[in-house]
């Protein structure tokens, strides 16, 4: 019985096969990494809503992520009051300037965070992966950190 050899009869090494993975040009992202944020300083309702929003984002359900982000923002607005809501809108305006957000992306973020369920149909704007990624970056800055600052969780 012949024994497999790494060498051919000419005594030259045969190439050892190596596994190589290449992505096709039309690959589809199946799953996002789970996003982690320290949420213990949020009110319980907002914490639960934002955790669910993060799960939606991780699953690639961007429209659901937008809807749950809106519910999170609405929950925080109830706690912060009208003045707090206006301050958060100012924060979103500052983010728009600093990040140089285009008008369409800004309009989507504004509609998600500050829109109302009583707005004419459709209530929720279309979210794609790019807009959802921007919203994921904006939520902690615009909504979650100000709520934390008002609750005094930054104080030593």
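For residues that are touching a helix residue (DSSP H, G or I) at 6+ places or on another chain (Cβ under 7 Å) and part of a helix (DSSP H, G or I), scanning just region 42-53, find the one that is surrounded by the fewest Cβ atoms within 10 Å (Cβ to Cβ). Spell out how you get there, then give the answer.
Of all residues in region 42-53, those touching a helix residue (DSSP H, G or I) at 6+ places or on another chain (Cβ under 7 Å) come to 42-43, 45-46, 49-50, 52-53.
Those left that are additionally part of a helix (DSSP H, G or I): 45-46, 49-50, 52-53.
Values: 45: 15, 46: 23, 49: 21, 50: 25, 52: 17, 53: 26.
The qualifying residue surrounded by the fewest Cβ atoms within 10 Å (Cβ to Cβ) is 45.
Taking region 112-143 as the region of interest, how many residues are modelled with pLDDT of 80 or more and either closer than 10 Å to residue 63 by Cα or in contact with a helix residue (DSSP H, G or I) (Cβ under 7 Å, 6 or more places away or on another chain) (or both)? Walk me through it before giving the result.
If we filter region 112-143 for residues that are modelled with pLDDT of 80 or more, which is where we start, we get 112-115, 126-141.
Those still in the list that are either closer than 10 Å to residue 63 by Cα or in contact with a helix residue (DSSP H, G or I) (Cβ under 7 Å, 6 or more places away or on another chain) (or both) too: 112-115, 126-129, 131-132, 134-136, 138-139, 141.
Residues that pass the stated criteria total 16.
If a residue must be within 17 Å of residue 143 (Cα to Cα) and surrounded by 13 or more Cβ atoms within 10 Å (Cβ to Cβ), how many such residues does region 100-123 contain?
Total meeting the criteria: 9.
Hey, can you tell me all the residues within region 54-95 that are in contact with a helix residue (DSSP H, G or I) (Cβ under 6 Å, 6 or more places away or on another chain) and free of Cβ contacts under 8 Å to residues at least 24 places away in the same chain?
Within region 54-95, 56, 64, 68, 71, 77 qualify.
The values are calculated or read from the model by the stated rules, or taken from the named source; none is laboratory data. Small disclaimer: the values here were computed from a predicted structure and weren't measured. So basically every Cβ, Gly included, is an ideal-geometry build from the backbone, and we count neighbours across all protein chains shown.
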